Amino acid sequence: MALNAKEPKGPLKDKWRLYNEHKNLVNPANRKKIDIIVVGAGLSGGGASASLAELGYNVKTFFFQDSARRSHSVAAQGGVNAAKNYQNDGDTIYKMFYDTIKGGDYRSREANVYRMAQLSVDLIDHMTAQGVPFGREYSGYLSNRSFGGVLVSRTFYARGQTGQQLLMATYQAMMKQVKKGTLTQYNRHEILDFVLIDGKARGVIVRDLVTGKIERHSAHAVVLGTGGFGKIYYLSTLAMNSNGSATWRAHKKGAFFANPSWTQIHPTALPQAGDQQSKLTLMSESLRNDGRIWVPLKKDDDRLPNDIPDEERDYYLERRYPAFGNLVPRDVASRAAKERMDAGHGIGKLKNAVYLDFRTAIGKLGVDTIKERYGNLFTMYKKITGIDAYKEPMKISPAAHFSMGGLWVDYELGTTIPGLYAVGEANFADHGANRLGANSLLQASVDGNFVLPNTISNYLADEIRTGPIPTDTKEFDEAEKAVKDQIDKLLSIKGKTPVDRIHRALGKIMFKEVAMARNEKGLIWAIEEIKKLRKQFWTDAAITGDADGMNSELEKAGRLADYLEIAELMAIDALSRNESCGAHFREEFVSDDGEAERNDEEFMYSAAWEWLGKPDWKLHKEHLEFHDIEVKTRSYK
Amino acid sequence: MAFKLGLFKTSVARKNVMAITGLFTAFFLIIHLAGNLILILPDSMFPIEFWGNVANQHDMYNAYSHFLVHFWPISIVAYILYAGLALHVVDAIIITLTNHKAKGEKYVKTDNSTSTWYSRNMGILGTIIGIFIVIHMGQFWLKYKVLGTEHDLYDLVVRTFKLTWVVVLYEIGIIALGFHLVHGFTSAHRSLGMYPKSWMKILKYIGVCFGIGMAVLYGIIPLIIYFQ
Amino acid sequence: MKITLKIWRQESAKAKGKLETYQLNEVEQDMSFLEMLDMLNEDLAVKGERSVEFDHDCREGICGQCSLVINGQAHGPESHYTTCQTHMRSFKDGDTIFIEPFRAKAFPVIRDLKVNRDSFDTIIQAGGYISAFTGNAPEANNIPIHHDISESAFDSAACIGCGACVATCKNSSAALFVSAKISHLAKLPQGKVERKERVEWMITAHDEEGFGSCTHTGACAMVCPQEVQLLDITRMNFEFNRALCIS
């Protein structure tokens, strides 16, 4: 099967307009005859649900949280980018497009990225109209921040809770449609499988997490807005219940999975403090504006940070990257920290952190200025660690954060299964091999609110004569049986190792070999270890409780079963890409001075993997072409 | 219109009724106090040619009482007051019952450090005040105005406050009233929606002063008479 | 640290629940409260017993899913923390900790420590939004909003919908939750168009969902993880009375 990105013809800046001018539409009277299932209720899924429901489609939204307002988009801190050029600093849609392509190390699709930059402008208007209290100047006009990897201020923010505020607006738009009756929400429901009829996505099998009942739901199209799978590392900045199961089960039904190994490791999270730790809290990247990152020059230096004199400190980012210093992009900063820790200079009880020091900034600007800029972050730091960061340096550590990879989608955001769409972090588009700060909220919101509702009509126009889809067909029977069998299988293991313990072991393997720096030997080792662990899971996992009723151990086990397969594909994907690009850093492929080295001759493609069963995969390549941008080497020296 | 009437049954509207009746009653307390203070002012305060031929505290107080009972506009205000008080009580009962229904199972372990005891127990304080009012009216209003068995109110007041149990009872009632006012005053303004932050700060301060002031001034009258 | 736990166990909404006692011997100070519960659940899994069900998700204090009453206090002993931000360093070796679900008629227990907070969604559905359809929006800078007003709207909008206010309130009132949304939208020019209907519908929904009335004890604002202020309730009452007066 050849990949068809369905990019519209025409000049880059006109593609979206031309697409809209020529696409098929569904007339308003027909829309209410069409059912759409949306999975996930964050910015992408929720935005899609609300916008589609506004258009008059029958929307059913499924999510595992108790309310759509808790989707993990809520946790995004920094902001959302938009090429508004409010600061008069010369920002344009093209500049934003350029920054995103470059930040992604030339591994994303031009047309999609350009469209995201174009629609960013509308998004800010939309969110403001919905009541998002963006930061403002005293004049009453919107204020902007600057973020890593760009030369203009284009980031809109609502304090350190931008994601929450955007999500509230989206959630409220959803609730409005629930009241109108065009949207039905199914909270505490988890998708377990997809139903394909004649090759088209026609429904889902879900488990009601409260009663344990397995339900069937049919629709003319299915949209996935289920986010990323970074929780595969166990310790990550993601929510505990974020998972890759929906995308993965779609993959197993025929949707290609693209660039699975590209995971952004965020450099400034709080380090692991003990074995029982479940989560690494993110500290905003903005701290690097005033904080200096260092480790002791001496190995295993056990002195308190304030006792180490300046000449015995190694400000390694400033040393290695004099031009950008502490403000190098996320992937570079994370890798540099790992390099120091591996060399034995890590600090803290577990030697897994580096210092982020504000002493210089406090000395220069005074405590008050620092408090005003980062007060809430210092408070958060204190809440979690109990340490006053005004007096001693913060301890920070890299943590898994964002999945650039995901379901392969074309320009219309359709996966390789007709009628199955993927929006937001669940798809692979837009970010290439590394995501720029404040672009994730943007992509999720734009996909859900502006792109999908427009592209899906092109598909649904042919569905107006289909009529309601019955759920008593053999395809639904088979899918339901498979789901029930898997639940029975999980519950019959009755082993001795708790699910979380296996997940932690998986996380360790992944973080060691399939994270910031990868090499052939390590990846091959990781694949073997993952297979062993998968075997251990299916023979020795301790999954208690039963299937009829609430059972979070069973939920976790189902998700882990999928992670244990995703992990293997991630390692295989990393192994197949013999180059370093963005977040994918292969130690064998570096320049003479130790920096990442791309291989555009051989690897200028997105790797889309097709599931062949028992796990095995076939690679399909979507070759990337850059017509409107010159391909260069990223350098931050 | 049916919907609009429905709005008057909402929790916020019910709280408004509590607030308005409460504040009205609280305002009456000031008037009532003005009369009562005659009881503790020294004779020298009363000029001889004041208000007819009244010469002392005794006559002044009785003249004041006589005026209250026989001046008809005051009676109208009094009936509004009784109605307001009754509404305050009925509304409180309805609210308490609704709130009771809203509660889930009881917590096994409780911790109340997040609020003051009197703000949580307005109902109990109100009940104490209610009982107190009934006794208080039985002792004076009933005998003087309704039954007419007593004609010299001043004399009745002094006689009553020489009884130890009465003074103790009054002090309890008045302390309850003080706490009820401290919370009730600000709470009523909150219910009515006096939201500017600066107002709220001032109102909170006034509420505390008002509650304590009323309790102290009302509280010393029986004590002074008792120890005279 | 050795910790004794008294945890509320309840099979379903209709079943009767009771406190069960558990013992943990290797709790560390650096653990978060929920990690301590993870530890307990791992012990239970090894023993083959059903795990303790509790709600949690982001574990960084923003999603609002975690919902425990710890020693009688919603979200634990520290004020303005969520349960997931509470760490074991707030407790001492040998402590006995009572863990109960949020309690209110409108928050029925689903199982153990998980409660159903759908009523919050219902309240927002009643009117907690601005009816601007996708694609309708005017240019964002067309409506200048004073910095302080925008910030004040943010203070209210910060509500995470956890329900600690209801759990703490002696009347199980959701006034703080409702008022946060009403204030957020009433403060902004975009939200002023629908303010009358919004407050009427949302307060009616609040009462219909079976929450009690507000008596301004202030306990809700003391536990609120986002420090939503009691003043918002006053603002809501103002909006309500305004709606009554102009109708």
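Some notes on this structure:
- For chain B, the membrane-span-like helices by this rule, meaning whole DSSP H stretches whose C-alpha atoms cover at least 15 Å of axis and whose Kyte-Doolittle mean is 0.5 or above, are B:11-36, B:72-102, B:122-139, B:164-192, B:197-227; this says nothing about an actual membrane.
- Mean Cβ neighbour count within 10 Å, used as a protection proxy, ranking A:425-438, A:36-49 highest first: A:36-49, A:425-438
- Tilt relative to chain A, helix A:499-513 - C-alpha long axis, 0 to 90 degrees, to 10: 60
- Sequentially through the range A:594-608, phi angles give Karplus couplings (6.51, -1.76, 1.60; θ = phi - 60°) of x, 9, 4, 10, 6, 10, 6, 4, 9, 10, 7, 8, 9, 8, 10 Hz, Gly and Pro residues having no value and appearing as x.
- Cβ-defined net charge surrounding A:Leu420, 12 Å radius [Lys, Arg +1; Asp, Glu -1]: +2
- Put in order of Cβ neighbour count within 10 Å, fewest first, the listed residues A:Ile396, B:Ile172, A:Ile205 become B:Ile172, A:Ile205, A:Ile396.
- Global form of the range C:118-246, assessed from the alpha-carbon gyration tensor, a/c cut-off 1.5: prolate
- Computed [θ] at 222 nm, helices only, for the protein assembly as shown once each DSSP H run of length n ≥ 4 contributes -39500 (n - 2.57): -14000 deg cm²/dmol
- Given 15 as the ceiling on other Cβ atoms within 10 Å, longest exposed-site-free region of chain C for trypsin sites (Lys or Arg not before Pro) in DSSP loops: C:93-247
- Charge context of A:Asn434, other residues only, Cβ under 10 angstrom, K/R +1, D/E -1: +3
- Fraction of beta bridges assigned by DSSP in chain A that are antiparallel (%, nearest 5): 70
- Charging the Cβ of each Asp and Glu at -1 and of each Lys and Arg at +1, and nothing else, the dipole of the range C:118-246 about its Cα centre rounds to 260 debye.
- Pairs with C-alpha atoms separated by more than 30 Å, drawn from the list A:Lys364/A:Lys632; B:Lys101/C:Lys6; A:Lys484/A:Lys532; A:Lys253/A:Lys496; A:Lys176/A:Lys474, are A:Lys364/A:Lys632; A:Lys253/A:Lys496; A:Lys176/A:Lys474.
- Rounded to 10°, Cα long-axis angle of helix A:552-576 versus longest principal axis of chain A: 70
- Counts of other chain beta carbons within 10 angstrom of each beta carbon in peptide C:106-116 average 3.
- Selection among B:Leu33, C:Phe107, A:Gln165 by position relative to the dipole of the protein assembly as shown gives B:Leu33 as farthest towards the positive end (Cβ unit charges, Cα centre).
- For chain A, a crude dipole built from +1 on the beta carbon of Lys and Arg and -1 on the beta carbon of Asp and Glu, taken about the Cα centre, is about 1280 debye to the nearest 20.
- Estimated dipole of the protein assembly as shown in Debye, rounded to 20 [Cβ of Lys and Arg +1, of Asp and Glu -1, Cα centre]: 1740
- In plain terms, chain B is cut at each of the trypsin sites (Lys or Arg not before Pro) found in a DSSP loop with at most 12 other Cβ atoms within 10 Å, and the longest leftover piece is B:107-228.
- Residue mean of other protein chain beta carbons inside 10 Å, B:34-40: 0
- Along the axis of the charge dipole computed for the range A:474-609 (Cβ charges of +1 for Lys and Arg, -1 for Asp and Glu, origin at the Cα centre), the listed residues A:Ile566, A:Ile543, A:Ile527 are led at the positive end by A:Ile543.
- Cα gyration tensor shape of the range A:400-467, rounded if a/c is under 1.5, else prolate or oblate by comparing a/b with b/c: prolate
- The range B:118-159 residues near the modelled B:Tyr79 label - backbone nitrogen below 17 Å, point 7 Å along Cα→Cβ: B:146
- The residues C:Ile143, C:Ile130, when put in order of fewest to most other Cβ atoms within 10 Å, stand as C:Ile143, C:Ile130.
- B:Thr127 sits among other residues whose Cβ lies under 15 Å from its own Cβ, and their net charge, with Lys and Arg +1 and Asp and Glu -1, is 0.
- Computed packing ranks the peptides A:3-10, A:21-28 as A:3-10, A:21-28, most packed first, by mean other Cβ atoms within 10 Å.
- Of the residues A:Ala361, A:Ala269, A:Asn306, the one whose Cα sits farthest toward the positive end of the charge dipole of the range A:267-400, with +1 on the Cβ of Lys and Arg and -1 on the Cβ of Asp and Glu, is A:Ala269.
- Per residue, the Cα convex hull of chain A amounts to 152 Å³.
- Shielding by partners, peptide B:187-199 (average Cβ within 10 angstrom, other chains): 6
- Per-residue Cβ neighbour counts within 10 Å put A:Ile101, B:Ile76, B:Ile128, A:Ile417 in the sequence B:Ile76, B:Ile128, A:Ile417, A:Ile101, beginning with the fewest.
- To the nearest ten degrees, helix A:520-540 and the longest principal axis of the Cα atoms of chain A are 60 degrees apart.
- Gyration tensor verdict on the range A:1-111 (Cα atoms; rounded if a/c is under 1.5, prolate if a/b is larger than b/c, oblate otherwise): oblate
- When both bridge partners sit in the protein assembly as shown, DSSP labels roughly 70% of those beta bridges antiparallel.
- Chymotrypsin sites (Phe, Trp or Tyr not before Pro) within the range A:134-189: DSSP coil, no more than 10 neighbouring Cβ in 10 Å: A:Tyr138
- Exceeding the 32 Å Cα-Cα cut-off - candidates A:Lys299/A:Lys637; A:Lys252/A:Lys395; A:Lys200/A:Lys494: A:Lys252/A:Lys395; A:Lys200/A:Lys494
Every read-out reported here was derived from the displayed coordinates using simple, explicitly stated rules and does not represent laboratory data. These figures come from a predicted structure and were not determined experimentally. Please note: Cβ atoms are built from the backbone with ideal geometry, for glycine as well, and neighbour counts cover all protein chains shown.
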